[in-house]
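The values are calculated or read from the model by the stated rules, or taken from the named source; none is laboratory data. Because the structure is predicted, anything quoted here is derived from the model rather than measured. Methodologically, a virtual Cβ is constructed for each residue, glycine included, from the backbone with ideal geometry; neighbour enumeration extends over all protein chains shown. Please note that ligands, DNA and RNA were not included when accessible areas were found on the heavy atoms of the full protein model with its side chains. Shrake-Rupley method; radii C 1.70, N 1.55, O 1.52, S 1.80 Å.
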Amino acid sequence: FMDRLKLLLMPLKHQPDFIYLRHVPLRRVHLFTFLQVLCLALLWILKSTVAAIIFPVMILALVAVRKGMDYLFSQHDLSFLDDVIPEKDKKKKEDEKKKKKKKGSLDSDNDD
């Protein structure tokens, strides 16, 4: 979440190589981050008012918000934006796949 917040203020040429930036357009990443910030702000405001008694119900409402994101984002986008696997592990797996694919193509070229 914090990395995606930093991306909002960062120019394109200075952005780090995050796995979700390889697969999801930047506008979609910003939209996802904006929705999360909006939900966080609403919960914070609710917590600070007299209506704080319904805070647990609002936490439950976040499940509905997440299900609603299925209509705004494709499953491909959500799999990269809203995943529990750490960034470094996913990047390592993808880089290994690319290396194997590149090595396999080099081996097939040598066989020809």
Pick from the stretch 30-49 the residues that are modelled with pLDDT of 85 or more and open to solvent by 90 Å² or more (accessible area, probe 1.4 Å): which of them is nearest to residue 3 (Cα to Cα)?
-> 34
Of the residues in the stretch 10-29, those that are at pLDDT 80 or above, part of a helix (DSSP H, G or I) and exposed (fewer than 14 other Cβ atoms within 10 Å of the Cβ) come to 26, 27
Using the structure shown, decide if residue 70 is surrounded by fewer than 16 Cβ atoms within 10 Å (Cβ to Cβ), in contact (Cβ under 8 Å) with a residue 24 or more places away in the chain and of a type in the set (Asp, Glu).
-> no
The one condition residue 52 fails out of (1) open to solvent by less than 60 Å² (accessible area, probe 1.4 Å); (2) closer than 30 Å to residue 97 by Cα is (2)
